[in-house]
């Protein structure tokens, strides 16, 4: 991230220390994670100790300190989705992609995340991929849903059975 | 439209807006809430735009994308005015026919109507549909008729009239009216709002803040989001009245960043209100100033707690503090701060506009007005429902919710989010209000209502909430940090077949310690899901512990999958879907009888894929 880009974010919030959360959110939205250099730069410019910035960055769920995959697979784990079998959906995604929630595939194509509630309970269990909702999910639908976002040429499941 | 400098100018503007609207002209409203968005309402809107452009000869047909109508199960929803014909599950392909038949010729397309689940009768308008019939939508009702991005729509339905009225009252009178109405906080606590306002007004100090808590973190609850998305001005109007009564000139809306549309719509509303002189300096010429800012949350559940939320607005980690000194005395930047939930603020204009006497006639002795619930889980009509306080759970689940899908048996309702409890079938006639829910070991919370059926395992539900709470505990109090973790470990043991009879006593003891020794609402209520399920479903726990069985067939480790050879047609689908090659056998062909399939229990990971794949119910789960 260029320093001029960080500067424009800082200016947006009047370089106020109290706006640190909003500043980090804007960096996260742009880069999909918080690069170390950006955090150091912000700390220096706003006179905030780096440990305080890290404390905030690791406290809130919205932030990631590691780069993310091209596609974010977000499985809703809200109560309504849970009672309709969301856990089995996550397990199946895990089996298909070989990653657990919070992890990114080696080819940097997918990041798997769980979310506490997307508020689309009527369609539960719900999976959101890059903001597109896939409703009434079941373990059996996982493979077909992920297929559209795969980068590898085979475009098939991890178990080799397309 | 320029600035409005007095209540008279607001009324003049309202008359002007209304004069341009002919209630008899055709108007198409499409629900644009997140639920309908997920079921594809944007394609429907585009199709309407196209057809209106092509076919409407004059500018006579209006199209309005509104906020959430509540009946998310049946989205995308389309209502055609003036007859208010309601079409459900509308697809873009249906649009030309709707336009031709209903909009232009007033004919009803029967196939798109909602049919009564019991009688099969086709119901043409929202009022006819049982889902809406028993509701009392005084807060939520306008969502379906206004475009949240246009302030004139809100003004047209009487918006900001209460503000005019309030500005002519003395602040003490406004507080008196809110106290008389006995408005209780809708965020969960149920603290009387009027009293809070009074304490904040009387607190020493020059600067006072008001905050709208829109950090709706309870999984399965989305009513606050729908209000902010669908009718943001009603929340703003409540905040302006409150700020005037309290004597505050600066306010914040703290909203979850996971709700992008709500963030956008409240931002638009603040800008529009500012441009028209309803916010900012000298509101409606009264001399009263108020600035409102939006603060986005960082995805921490604990920030729904008032002191944690304020710490977060200040740019700190969202950890709660002890409330020996309440936030009305010392809150944001150590100044008196009044925080209320979205729905609480949205109630204020109604109380001022129609009066506390009118408001007091709705609800029960201790809980006045209505409450919006998000009715979700194993229920036919998923959606947002607004009901008068005191309505029974049975009416909500069966009359409004349409009962349990697939004719399954009702088991429990979970209310109050992760800090709430499960209410069993024996208490289904319980009148729903703040005090009664607390009496039975649950709570109102922000209004999530998750219906569970015979296929829901109560131990698993308790484990689910404990997992949530252990992740979301900020870690400040040992009792909460360690207590939730230990309870989760024990519940995991029980669901994986390692439970012992001592575990139940231990859970109850841990639950007690966590409740008694933690600072904030998260910790003090964290044991509710465990204690309430043990209280009402002890037998189910024992079944897991003693017989190592999960009666609801949810806890994987306690299940065995088996193929019933008599029912197996040897199609081979199960073996194909099995990702660990635990199913052996040979598929039947024309020449070959094949070999019956069977599951190797050692290899089976109990993912349930074969169960889902089998079309002949040949897979038995025990």
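The values are calculated or read from the model by the stated rules, or taken from the named source; none is laboratory data. Remember, predicted model here, so these are calculated numbers, not experimental data. Don't worry about glycine lacking a Cβ; one is built from the backbone with ideal geometry, like all the others, and counts go over all protein chains shown.
Brief remarks follow.
- Of the residues screened, residue A:78 is one that is crowded, with 21+ Cβ neighbours inside 10 Å and either in contact (Cβ under 8 Å) with a residue 60 or more places away in the chain or under 30 Å from residue B:455 (Cα atoms) (or both).
- Count of the range A:24-70 residues which are under 13 Å from the mean Cα position of the chain (by Cα), over 24 Å from residue B:474 (Cα atoms) and surrounded by 18 or more Cβ atoms within 10 Å (Cβ to Cβ): 1
- Tallying residues that are buried (at least 22 other Cβ atoms within 10 Å of the Cβ) and within 18 Å of residue B:378 (Cβ to Cβ) within the range B:417-446 yields 6.
- Selection over the range B:446-477 of residues that are farther than 25 Å from residue B:496 by Cα and out of contact with any helix residue (DSSP H, G or I) (no Cβ under 8 Å at 6 or more places or on another chain) gives a count of 1.
- Residue match in the range B:279-286 (condition: under 29 Å from the mean Cα position of the chain (by Cα) and either buried (at least 23 other Cβ atoms within 10 Å of the Cβ) or in contact (Cβ under 8 Å) with a residue 40 or more places away in the chain (or both)): yes
- You will find that of B:252, B:259, the residue that is within 12 Å of chain A (Cβ to nearest Cβ), closer than 30 Å to residue A:64 by Cβ and at pLDDT 95 or above is B:252 and no other.
- Options B:305, B:319, B:275, B:314: the member that is within 13 Å of chain A (Cβ to nearest Cβ) and farther than 20 Å from residue B:248 by Cβ: B:319
- Where residue B:557 falls short, out of the listed (1) surrounded by fewer than 20 Cβ atoms within 10 Å (Cβ to Cβ); (2) assigned to a loop (DSSP other than H, G, I, E, B): (2)
- Hey, residue B:205 touching a residue at least 60 places away in the same chain (Cβ under 8 Å), more than 23 Å from residue B:10 (Cα to Cα), more than 14 Å from chain A (Cβ to nearest Cβ) and surrounded by 22 or more Cβ atoms within 10 Å (Cβ to Cβ) or not: no
Results for (1) closer than 19 Å to residue B:225 by Cα; (2) buried (at least 17 other Cβ atoms within 10 Å of the Cβ); (3) not assigned by TED's automatic domain parsing to the domain that holds residue B:234, shown as yes or no for each residue.
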{"position": "B:106", "(1), (2), (3)": "no, no, yes"}
{"position": "B:112", "(1), (2), (3)": "no, yes, yes"}
{"position": "B:120", "(1), (2), (3)": "no, no, yes"}
{"position": "B:130", "(1), (2), (3)": "no, yes, yes"}
{"position": "B:134", "(1), (2), (3)": "no, no, yes"}
{"position": "B:138", "(1), (2), (3)": "yes, yes, yes"}
{"position": "B:144", "(1), (2), (3)": "yes, yes, yes"}
{"position": "B:160", "(1), (2), (3)": "no, yes, no"}
{"position": "B:164", "(1), (2), (3)": "no, yes, no"}
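- Flag for residue B:533 being under 27 Å from residue B:320 (Cβ atoms), modelled with pLDDT of 90 or more and within 23 Å of the chain's Cα centre (by Cα): yes
- Enumeration of residues in the range B:473-493 that are within 12 Å of chain A (Cβ to nearest Cβ) and surrounded by fewer than 22 Cβ atoms within 10 Å (Cβ to Cβ): B:475, B:476
- Considered as a group, the residues in the range B:38-55 that are surrounded by fewer than 20 Cβ atoms within 10 Å (Cβ to Cβ) and within 14 Å of another protein chain (Cβ to nearest Cβ) include one that is nearest to residue B:262 (Cα to Cα), and that residue is B:42.
- Hits in the range A:91-111 (condition: buried (at least 24 other Cβ atoms within 10 Å of the Cβ) and within 23 Å of residue B:257 (Cα to Cα)): A:110, A:111
- Of note, residue B:343 satisfies the criterion of being under 30 Å from residue B:164 (Cβ atoms), assigned by TED's automatic domain parsing to the domain that holds residue B:172 and crowded, with 22+ Cβ neighbours inside 10 Å.
- When the range B:572-622 is filtered for residues that are facing another protein chain (nearest Cβ under 10 Å), crowded, with 17+ Cβ neighbours inside 10 Å and on the phi > 0 side of the Ramachandran plot, the ones remaining, listed by number, are B:606, B:608.
- Where strands (runs of 3 or more DSSP E) fall entirely within the range B:399-471, those with at least 2 residues that are more than 10 Å from chain A (Cβ to nearest Cβ) are at B:410-415, B:421-424.
- Test set (1) within 14 Å of chain A (Cβ to nearest Cβ); (2) part of a helix (DSSP H, G or I) - residue B:237 fails condition number: (1)
- Residue match in the range B:384-397 (condition: within 12 Å of chain A (Cβ to nearest Cβ) and at pLDDT 90 or above): yes
- Residue selected from the range A:136-151 under the condition more than 9 Å from every other protein chain (Cβ to nearest Cβ), in contact with a helix residue (DSSP H, G or I) (Cβ under 7 Å, 6 or more places away or on another chain) and in contact (Cβ under 8 Å) with a residue 24 or more places away in the chain, by the criterion farthest from residue A:118 (Cα to Cα): A:143
- Test: residue in the range B:591-611 that is part of a helix (DSSP H, G or I) and under 21 Å from residue B:495 (Cβ atoms): yes
- Condition check for residue A:9: within 14 Å of chain B (Cβ to nearest Cβ) and assigned to a helix (DSSP H, G or I): yes
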